[in-house]
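In what follows, a structure is listed as structure tokens, so that the remarks can point back to it.
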Amino acid sequence: MSVPRSEMIVLGIETSCDETSASVLADGKAVSNVISSQLIHSAYGGVVPELASRAHQRLIIPVVEEALASGGIKKEEIDGIAATQGPGLVGALLVGLSFGKALAFGLGIPFTAVNHMEGHLYSVFLEEDVPAYPFLALVVSGGHTMLVHVEAPFRHTVLGETRDDAAGEAFDKVAKMLGLGYPGGPAIDRLGAGGNPGAVRFPRSFLEEGTLDFSFSGIKTSVLYYLRREGLGESGAARTLLDGKRMADICASFQAAIVEVLVARTIRAALRQGVTDIALVGGVSANSSLRRTLRDEAGKHGCRVFTPRNEYCMDNGAMIAYVGWMRLARGLTSAYGTPAVAYLELTGIAS
Amino acid sequence: MRRILSRSAEETEAAGRAFAVRLLPGDVVALTGTLGSGKTRFAAGVCTGLGVRGHVTSPTFTLINEYPVEFGVVAHIDMYRINGMKEVADLGIEEYFNSRCVCLIEWAETVLDILPPAHFRISFAHGGSESERAIQIEGPREPAQ
């Protein structure tokens, strides 16, 4: 696909955690988005998820080349490069950040460093149907659970976040207890669809009155003790001892407890901030029960929910390219000395 | 060696805060024990005791969370997702074994051999009731009596 030269073409690179990803964006529209775990070309050896930075070093060049090739863009046509600065693993971040800087230097084009969490926040704009400012974002993934009020581009306030485990972590750890493997969040979604969400009453942790924070550590432990009381241990015995119906009921009941808390908090935040548009982003936003329940509850309050497609919900280069484009269009470039920052906060840009 | 019986998550966190006064920059703390036995809650208390502000969340997915503090960094590391010594080597946790860091390592069972010899070892176990946790602390230094 050929792109007219009047458009700004941005290459985005993401290497903050497990995924090596790159994407080409032409005037705010992703024309490619290559994610290592989704690469089916075994030549790259990218199908088995690998942890830590050595995999990024091996994958960064093929992933970027694939992003350019599948987007029909030559590297000489890129107008700017964006890479994730943090938060994340320093060793992993450094691979994408250094590669991005070096390529920008070599091509003589601007470079900009991007906050990974801003990537998730604005990922919703990669779709046609977008929320209007101000909107509320629920960022929910394996590593993060956060409610953010987004007033305007780069002006956002964190209203609440998890105090212990992310929602996605609770899904994955409970899946492991049930013998569904790790990560098993999608398996719980699939099995729970056929179960009764009221079969087991797992506790909902709403913390103290008025807070928009989350806590998902307690529910993990309550599932563990439930399985122990039922003689199902914690080492995956449930998988062999439970019949399909009870497994489905436990999955549905656990999922209902998590979803109820996420949705109740999100609706409360939306009403408190007086916003009508809600963005549901991050890896766990692929959960079908969460999507459906949030849409239903939001609808009752006259709110609309926007969720990008799954490849923009997981960690991906397109969301980094998008924020990079937002930054470059505003003249916000980064020096070559910009460091990777493991604990980068979601502060936005003061004007 | 010191044994603590915690009767709640709050007591586990308080035990972590109390333990933090025993630490020096450069210390490595290995946290071992099964799922839901209190490792993250204890680590959160240690972080607060070392001057970390804000919430301390589980590093299971992120693998390493770094918190800037006065003396440098508290590295909160989690080996739960790590499979085998190759991935341990790739993660490079030994880069955090230095005098500007306090290193807290959850699910440390698999990496005990590569830790500095003088590390703290804290083991967690579920207690008699659902809210009880047994915590055992061993380390290179004991508080003066």
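The values are calculated or read from the model by the stated rules, or taken from the named source; none is laboratory data. For clarity, every value in this text was computed on a predicted model and none was experimentally measured. Glycine also receives a Cβ, built like all others from the backbone with ideal geometry; neighbour counts cover every protein chain displayed.
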Total residues in segment B:97-133, condition free of Cβ contacts under 8 Å to residues at least 60 places away in the same chain and not small (Gly, Ala, Ser):
5
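Table: residues versus (1) out of contact with any helix residue (DSSP H, G or I) (no Cβ under 6 Å at 6 or more places or on another chain); (2) away from every other protein chain (no Cβ under 14 Å).
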{"position": "A:77", "(1), (2)": "yes, yes"}
{"position": "A:92", "(1), (2)": "no, no"}
{"position": "A:114", "(1), (2)": "no, yes"}
{"position": "A:141", "(1), (2)": "no, no"}
{"position": "A:144", "(1), (2)": "yes, no"}
{"position": "A:151", "(1), (2)": "yes, yes"}
{"position": "A:154", "(1), (2)": "yes, yes"}
For segment B:95-140, give me every one of the strands (runs of 3 or more DSSP E) that falls completely inside it and has 2 or more residues that are over 12 Å from the mean Cα position of the chain (by Cα).
B:120-126, B:133-138
Go through segment B:62-73 and give me each residue that's touching a Pro at 6+ places or on another chain (Cβ under 9 Å) and within 10 Å of chain A (Cβ to nearest Cβ).
B:62, B:65, B:66
Restricting attention to segment A:72-90, which residues are in contact (Cβ under 8 Å) with a residue 24 or more places away in the chain and either among the basic types (Lys, Arg) or crowded, with 23+ Cβ neighbours inside 10 Å (or both)?
A:75, A:80, A:81, A:82, A:83, A:84, A:85, A:87, A:88, A:89
Taking the condition of being of a type in the set (Val, Ile, Thr) and closer than 15 Å to residue A:126 by Cβ, how many residues in segment A:283-317 meet it?
1
Which of (1) facing chain A (nearest Cβ under 8 Å); (2) part of a helix (DSSP H, G or I); (3) buried (at least 24 other Cβ atoms within 10 Å of the Cβ) does residue B:46 not meet, given it meets every other one?
(1)
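Kindly check whether there is at least one residue in segment B:76-93 that is out of contact with any His (no Cβ under 7 Å at 6 or more places or on another chain), more than 30 Å from residue A:57 (Cβ to Cβ), within 13 Å of chain A (Cβ to nearest Cβ) and assigned to a strand (DSSP E or B).
No; the residues of segment B:76-93 include none that is out of contact with any His (no Cβ under 7 Å at 6 or more places or on another chain), more than 30 Å from residue A:57 (Cβ to Cβ), within 13 Å of chain A (Cβ to nearest Cβ) and assigned to a strand (DSSP E or B).
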Every residue in segment A:186-219 that is more than 20 Å from the chain's Cα centre (by Cα), of a type in the set (D, E, K, R) and within 14 Å of chain B (Cβ to nearest Cβ), please.
A:208
Residues of segment A:127-148 being at pLDDT 95 or above and either over 26 Å from residue A:263 (Cα atoms) or surrounded by 24 or more Cβ atoms within 10 Å (Cβ to Cβ) (or both), which ones?
A:135, A:136, A:137, A:138, A:139, A:140, A:145, A:146, A:147, A:148
Taking residue A:12, is it under 21 Å from residue A:345 (Cα atoms), modelled with pLDDT of 95 or more, of a type outside the set (A, V, I, L, M, F, W, C) and outside any helix (DSSP H, G or I)?
yes
Specify which of the listed residues (A:272, A:265, A:309) is surrounded by fewer than 20 Cβ atoms within 10 Å (Cβ to Cβ) and over 14 Å from the mean Cα position of the chain (by Cα).
A:272
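Restricting to segment B:3-36, what's the tally of residues that are at the interface with chain A (Cβ under 9 Å from one of its Cβ atoms) and either within 20 Å of residue B:116 (Cα to Cα) or crowded, with 17+ Cβ neighbours inside 10 Å (or both)?
Total meeting the criteria: 3.
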For segment B:94-118, name all the residues that are more than 14 Å from chain A (Cβ to nearest Cβ), surrounded by 19 or more Cβ atoms within 10 Å (Cβ to Cβ) and over 15 Å from residue B:74 (Cβ atoms).
B:108, B:115
